[in-house]
Each structure stands twice: as C-alpha cells, then as structure tokens.
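Quick one: the structure is below, and I'll ask about it shortly.
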Amino acid sequence: MDLLSCSKGENMKRRRLSIVKSARVVALSLLLLFSAVNTPADALAGDQVSHDAKISHVNSFFEPDFAATCDWHRFGEAEQPPWWLMFANPLCIEYSKRDITFDNGGALRFLLAEPSRFAITMLTCRYYQRDHWSVQTSSGATPLVTWDGQYWWNKSHREAGARLTNFRINGQSAGMGDVVSLLRADFPDVADALADFGDEAGETGLVTSLPYDLACDLAG
C-alpha cells in the first residue's frame, strides 16, 4: 500500500508540474509577442512619427464593433460553408469542431472540410469566427485538448483579435488565467499585468494591429 500511495503521489505531482509547464508556455509566448510588437515607434523615430506609422500594439481582448450586426452562419461537424459566403462583409461564422476523433474518421472529415472553410475568408474585410474544439483519440476518451475560440479581424480598422476559453490539455486547465492564479500570491504586480490577457481558468486573449490593406481601406 505504501508503494501504491507513493506512486499515486508521484503521478499527482507530475500532473501538477504538467499544468504549470503548460501555463508557463502560454505566458512566455504571450510575453514574447507583447515585447516584439509593443515597442513605441516614438523611441525609434522621435515624436514626429504619425499615429498610423506606429509599430503594432497589443491590447486585451474586446469584441469588434461590427459584432452587434453579425448575421451568424452556423455549421456542424465537418460541414462546409457555401462558396458565396466569401462575398459577405461582415462574415460571421460559428463552427462545431468537437468530433476531431482518430478512431471514427472524425479527424479526417475535419481536415477535408478545413480548406473550403479557410478559402471563404480570403476576400472579406471584416470577419468573425467562433468555434468549439475537442481532439481525442477515440470516442468517449478524455480529450487531448479542448477549447472554445473567438477570432476576428477588421482590416479597415487594422485590428484583429483572438480569445480562447475553457482551454484544457488532457482535462487540465491551461491558459493565461491559470498563470495569473499561479503568480498572484508571490508576484501580484505581474499577475495584474497579465490578467489583461486572461483572468479566468483556461482563458487567453488579445487584440493586435494589422498591416495596412488598401482594398479594405477604400471599401470603408
């Protein structure tokens, strides 16, 4: 029994370490992104640099201004949208991607559907996608990874956003919100700064700027 208890204790310790490592990866990735794109243009070229010429910025996630007017098109597992949706502006789509399963063909059906789903986004200046992911080896098995996603861009405003919620790896929550919880007691200032990019378990989100797009700028 002592050996069994010891083994269980070691397994729990490994799982905790795995969660911490996953959360640290999320934190490090976001910090690297933030440091890469958030350098003030004024520091590079002086105070005379125009607002439009400034280097890309990163902010906490928010909904795009066109979200309230979205006409949502919803599609089930591996369902392909009609080609004519590529002319919608804004284009707002919600996908179910919960059956990415290896033993029943769900993963293959998902892969076959993705090219057409990607293709219809190429022309629109304003795009908003919501989706719900679950990847598992077999039906009924604990998912390898799950999350609910929100992704949008507004090329006319040169902004794009992404937010993941309920992000879990092998059933364990991993996101910026988990990093914030880990740091809160010992590094409250760092935790407060990172909380702008996710303060709930399994949550990570941001908004960043996009390059200038002439076609979308002319379209308004």
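The values are calculated or read from the model by the stated rules, or taken from the named source; none is laboratory data. The structure displayed is predicted, hence computed values, not measured ones. Every residue, glycine among them, receives a Cβ derived from its backbone with ideal geometry; neighbour counts consider all protein chains shown. What goes into the accessible areas is simple: the full protein's heavy atoms, side chains included, and nothing from ligands, DNA or RNA. Shrake-Rupley method; radii C 1.70, N 1.55, O 1.52, S 1.80 Å.
Considering only protein heavy atoms, what per residue accessible area in square angstrom results for region 121-190 with a 1.4 angstrom probe?
It amounts to 47 Å² per residue over region 121-190.
Then there's this: Taking square-rooted eigenvalues a ≥ b ≥ c of the alpha carbon gyration tensor, is region 160-201 rounded, prolate or oblate, where a/c under 1.5 means rounded and, failing that, a/b exceeding b/c means prolate?
Oblate, since a/c reaches 1.5 and b/c is not below a/b.
For a quick protection proxy, order the peptides 147-159, 59-71 by their average other-Cβ count within 10 Å, most packed first.
Highest-to-lowest ranking by the protection proxy: 147-159, 59-71.
Over all directions, how big on average is the projection of the convex hull of the alpha-carbon atoms in region 86-220, in square nanometres?
Orientation-averaged projected area of the Cα hull: 9.6 nm².
Are there any GluC sites (Glu not before Pro) in region 75-122 that are in a DSSP loop and have at most 14 other Cβ atoms within 10 Å? List them by number.
When the GluC sites (Glu not before Pro) of region 75-122 are filtered for loop state and at most 14 Cβ neighbours within 10 Å, Glu79 remain.
Right, something else. Based on alpha-carbon positions alone, could you give the equivalent ellipsoid semi-axes of region 144-220 from the gyration tensor, as √(5λ), descending, whole Å?
Taking √(5λ) for each eigenvalue gives 31, 17, 6 Å, largest first.
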